[in-house]
Amino acid sequence: MKQRIVAASVLLVLAMLVVVWQVNRLPRPVVITPTLTGQEEYCLSCHADLPEISASHPIESFGCVLCHGGERLALEADLAHSTMRGGRNPSDLAVAELSCGGSECHTGSPELHRDHVARVQTSLQATYAGAITSIRYTYGAQADLTAQKAISAVQALHPPEGASDSRPRALDAFNPAKETHPFVQAFGENCLTCHLQAEPLPGAAYNRLTGCAACHTPSTGRDPEQPLHQLTTVIPYTQCNACHNRGNYDLRQMNFVPRSDSSSDRMHDYYQPIAQFTRCEFELDCVDCHTRQEAMGNGYLYNNQAEQQYVQCKTCHGTLDAAPLTRTIQDETDIALRLAYLNPDIPLQVGDTIVVTEQDEPLWNLRQLPDGSFEMITKVTQVRYPVPLVMGSGCTQNPEQQESNYCHACHAVQR
Amino acid sequence: MRPSFFHHLHPPTIPARQSRLRYTLGAGGYSVFLSLVLVVSGALLMFYYIPTPEQAGPSIQMITFLVPFGGLIRNLHYWAAQLLVVVAGIHLLRVIFTGAYTAPRRFNYLLGLILFVLSLFLDFTGYVLRWDEGVRWALVAGTNLVQSIPRIGPGLYRLVMGGTQPSPATLTRFYAWHIFGLVVIMLIVGAWHIFRVRRDGGIAVPPPDQRHAPERISRFELVRREGLATLIGITVLLLVAAFIPAPLAAPMSDVTAQTADARAPWFFLWVQQLLKVGDAFWMGVFIPLAVIIILGCLPYLLPAIPSTELGRWFPRGGRLAQIIVAVLVVAILGLTILAALPTGT
């Protein structure tokens, strides 16, 4: 009996050694307590290799769970990830209100331009109302080009102003199954791949996430399995190209035909073969001229892209008898300074005079220099461009004709 | 050698045939061992567990992933609890299949049956303390069974749940029952049970040829055997706890939300399967209660087993009881397997 007890004791000691070895094999928690939540998180135990998502979202303030959800104290992958919002992408529009929103974050007051999450739901990039309307009108599903349907049902944050304002008050959800014309149904099945809620087409050239990150996490050209942990307002044109300039609808087959050419340089990367364009349109990035309200909406619903997009050549270059609109930054609270703060490569300070749009949105990277001339610093590439004015240039434009196709008549680049 | 405190917990000598492993299966002793493990590991868990709906899940995650050896202690508690149900069940079957439930041991048999039911309640209340998505169905469906009892159901439900629906008070009630109410009853009935083993003349009457001047072993030998069994038990339990983690899911977000995914704890899977085919009261309350009552009535309603047949496995005089219990066991195992199979197969 004694021998058996000794043997069992030896076995127990061995088992205890194995147990200690096994327990030590388990990951040890790396604990952070983000100041915004005050709650411990162990996420960095496994995710220490992730870069900080942006300078505006420092890990010591935000941690991980505030945006991503998940089980903050779990060190077992399945459990830890089981309650994450939006899987790998908490900015998907289905959950963006919970992840990115909140009155302290991006669902703040409209006056301070902090209502992004609500506004973006009304933007054409989310509603896709223009394309849906155009197709439904073409095949007789609706009598005019006033938008009726959107990807999801949506209410305008601002109602249309007056009887002559054709902007919709609300849009119903587009449901291909309820459409009668087979081409409209086919459009619904084959062509809805580039709104903010849509998963992208396969291929690195189309690679993007959904929701806010569709634009703010530049991912084109990358492996979709290796998403980037980055948020930025410095959005290169390549990210816009994940949806724009990537092919055409074939209205006979009613499917999407990706562009077949493989561009070798930026000029050929930029536009469809038949399109006309000027130098600034392929040397600058889209975000150098196009504004937040154009891309993310301003709370109104629009019938099509032409209604929402209002920046024109004259916004930067002025007209025959007027320089572009400008504003001198009076104090630290100016929105232009807040925007410029996110891009430290562009110095901007109180007292600087910047160009503004007709809707008073700042083009904060386009300044008037002390000598009266204008200079743009590109947001992505930090190249300085002098901005020539129409006024005093010898341009023979008809002042009534400000659309780009009139300017392209003289200024288009030949390929 | 003067007997120590632990030796004094045992009779000076017991018949050798009564203490053979192939007769006892060691199940009663292992039940005591597992209960002790549960008390110690449970006491350690109490230092960290926070019994509120918001903090229950996070505090268990903290125990599991942050507290040094916390995961091991939790796993030990979990596996000891599961094994206790199994081992106590084996103990119950041993008593029935050796005829040890007949007079004069039939009252102690009832005490043992109560202990077995208590261990199921302890297991279920402990399971609910996880307060995570994995237990919601069992909590909602299990306690709704209480409500289905005619007349007293709604009142009993409020008593169990601390309200008319699952709420923060429910967690407090389950916690109080788990660490105090049921444990106190278990300790009293358990002590009584062990006392009655000695008072009734040991765990069973020896076979007839051994009844007069039988070969006996001393309490020193008995304690050594218990020590050996304990060493083996701890070794196995430690290894299981180190390598097989206890289940854990995301904290329950809304306790009143419906869940389509029916998942009872394994020892109630047979009841879950019964509920698929019939009324909640008859299938979920009446039949389980009937099983307990049938088991409890065996020594009182069936004819006594002749003394000459006692002391060995499967005495002829206990055939009817053996068949009844075997049928119950097969039915419960069958229903459990059916419920555990993936749906659709």
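The values are calculated or read from the model by the stated rules, or taken from the named source; none is laboratory data. Keep in mind the model is a prediction, meaning the values are calculated, not measured. Note that each Cβ is placed from the backbone with ideal geometry, even for glycine, and that neighbours are counted across all protein chains shown. When the accessible area is computed, the model is the full protein with side chains, heavy atoms only, and any ligands, DNA or RNA have been set aside. Shrake-Rupley method; radii C 1.70, N 1.55, O 1.52, S 1.80 Å.
Condition check ((1) open to solvent by less than 30 Å² (accessible area, probe 1.4 Å); (2) not hydrophobic (A, V, I, L, M, F, W, C)) across all residues:
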| site | (1), (2) |
| --- | --- |
| B:Gly163 | yes, yes |
| B:Phe180 | no, no |
| B:Ile185 | no, no |
| B:Ile188 | no, no |
| B:Ala191 | no, no |
| B:Pro208 | no, yes |
| B:Arg225 | no, yes |
| B:Val236 | no, no |
Which residues, counting only those in segment A:36-80, are hydroxyl-bearing (Ser, Thr, Tyr) and either part of a loop (DSSP other than H, G, I, E, B) or under 22 Å from A:Val95 (Cα atoms) (or both)? A:Thr37, A:Tyr42, A:Ser54, A:Ser56, A:Ser61
Among residues belonging to segment A:15-24 that are more than 8 Å from chain B (Cβ to nearest Cβ) and modelled with pLDDT of 95 or more, point out the one that is least open to solvent (accessible area, probe 1.4 Å). A:Val20
Segment B:276-303: number of residues that are touching a Lys or Arg at 6+ places or on another chain (Cβ under 9 Å) and either open to solvent by 70 Å² or more (accessible area, probe 1.4 Å) or over 14 Å from B:Val325 (Cβ atoms) (or both): 2
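Conditions tested, residue by residue: (1) crowded, with 20+ Cβ neighbours inside 10 Å; (2) at pLDDT 95 or above; (3) in contact with an Asp or Glu (Cβ under 8 Å, 6 or more places away or on another chain).
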| site | (1), (2), (3) |
| --- | --- |
| A:Gln308 | yes, no, yes |
| A:Ala322 | no, no, no |
| A:Ala340 | yes, no, no |
| A:Gln349 | no, no, no |
| A:Val355 | yes, yes, no |
| A:Gly372 | no, no, no |
| A:Glu375 | no, yes, no |
| A:Tyr385 | no, yes, yes |
Residue check, A:Ala118 against (1) surrounded by 21 or more Cβ atoms within 10 Å (Cβ to Cβ); (2) touching a residue at least 24 places away in the same chain (Cβ under 8 Å), all met but one. Which one? (1)
Single condition A:Gln3 does not satisfy, out of (1) away from chain B (no Cβ under 11 Å); (2) surrounded by fewer than 11 Cβ atoms within 10 Å (Cβ to Cβ): (1)
I'd like the full set of residues that are farther than 19 Å from B:Gln147 by Cα and in contact (Cβ under 8 Å) with a residue 12 or more places away in the chain, limited to segment B:283-303. B:Val291, B:Ile292, B:Ile294, B:Leu295, B:Gly296, B:Leu298, B:Pro299, B:Tyr300, B:Leu302, B:Pro303
Residue set B:Ile232, B:Ile185, B:Ile217, B:Ile203; condition within 14 Å of another protein chain (Cβ to nearest Cβ) and within 22 Å of the chain's Cα centre (by Cα); output residue B:Ile232
So which pairs qualify, if the first residue must be in segment B:270-282 and more than 10 Å from B:Leu335 (Cβ to Cβ), the second must be of a type outside the set (Ser, Thr, Tyr) and open to solvent by 30 Å² or more (accessible area, probe 1.4 Å), the Cβ gap must be under 6 Å, and the two must be at least 6 apart or on different chains? B:Leu275/B:Met283
Subset of segment A:134-172, residues under 23 Å from the mean Cα position of the chain (by Cα), among the polar types (S, T, N, Q) and open to solvent by less than 60 Å² (accessible area, probe 1.4 Å), comes to A:Ser152
In the set B:Leu139, B:Leu129, B:Leu110, which member is away from chain A (no Cβ under 14 Å) and either basic (Lys, Arg) or open to solvent by 40 Å² or more (accessible area, probe 1.4 Å) (or both)? B:Leu110
Would a scan of segment B:31-38 turn up a residue that is within 14 Å of another protein chain (Cβ to nearest Cβ) and either outside any helix (DSSP H, G or I) or open to solvent by 40 Å² or more (accessible area, probe 1.4 Å) (or both)? no
Among the residues in segment B:148-162, are any touching a residue at least 24 places away in the same chain (Cβ under 8 Å) and either touching a Leu at 6+ places or on another chain (Cβ under 6 Å) or hydrophobic (A, V, I, L, M, F, W, C) (or both)? yes
Of the residues that sit in segment B:193-204 and are open to solvent by less than 30 Å² (accessible area, probe 1.4 Å) and of a type outside the set (D, E, K, R), which one is nearest to B:Gly42 (Cα to Cα)? B:Gly202
Residue that is modelled with the highest pLDDT [pool: residues in segment B:160-187 that are out of contact with any helix residue (DSSP H, G or I) (no Cβ under 6 Å at 6 or more places or on another chain) and of a type in the set (S, T, N, Q)]: B:Thr172
Tell me which residues, restricted to segment B:49-92, are more than 11 Å from chain A (Cβ to nearest Cβ), open to solvent by 20 Å² or more (accessible area, probe 1.4 Å) and among the β-branched types (Val, Ile, Thr). B:Ile50, B:Thr52, B:Val86, B:Val87, B:Ile90
Checking B:Ala169 against (1) in a helix (DSSP H, G or I); (2) farther than 30 Å from B:Phe281 by Cβ, which test does it fail? (2)
Go through segment A:25-60 and count every residue that is hydroxyl-bearing (Ser, Thr, Tyr), in contact with a Leu (Cβ under 6 Å, 6 or more places away or on another chain) and either away from chain B (no Cβ under 11 Å) or open to solvent by 70 Å² or more (accessible area, probe 1.4 Å) (or both). 2
Check A:Ser82 against each of (1) farther than 30 Å from A:Ile151 by Cβ; (2) at the interface with chain B (Cβ under 8 Å from one of its Cβ atoms) and name the one condition it does not meet. (1)
Sole residue being in a helix (DSSP H, G or I), small (Gly, Ala, Ser) and either free of Cβ contacts under 8 Å to residues at least 12 places away in the same chain or farther than 25 Å from A:Leu73 by Cα (or both), chosen from B:Ala213, B:Ala229: B:Ala229
Take the conditions assigned to a loop (DSSP other than H, G, I, E, B) and open to solvent by 30 Å² or more (accessible area, probe 1.4 Å) and apply them to A:Gly87. Does it pass? yes
Those residues that are surrounded by 18 or more Cβ atoms within 10 Å (Cβ to Cβ), hydrophobic (A, V, I, L, M, F, W, C) and either assigned to a helix (DSSP H, G or I) or within 9 Å of chain A (Cβ to nearest Cβ) (or both), I need them from segment B:240-261; list them, please. B:Ala241, B:Ala242, B:Leu248, B:Ala249, B:Ala250
Those helices (runs of 4 or more DSSP H) completely within segment A:241-337 that have 1 or more residues that are closer than 21 Å to A:Thr133 by Cα and in contact with a Gly (Cβ under 6 Å, 6 or more places away or on another chain) are A:305-308
Consider B:Tyr23 carefully, then state whether it is open to solvent by less than 60 Å² (accessible area, probe 1.4 Å) and among the aromatic types (Phe, Trp, Tyr). yes
Verdict on A:Leu12 being within 11 Å of another protein chain (Cβ to nearest Cβ), surrounded by 12 or more Cβ atoms within 10 Å (Cβ to Cβ) and farther than 26 Å from B:Gln61 by Cβ: yes
What is the one condition in (1) at pLDDT below 95; (2) open to solvent by 50 Å² or more (accessible area, probe 1.4 Å) that B:Tyr157 does not satisfy? (2)
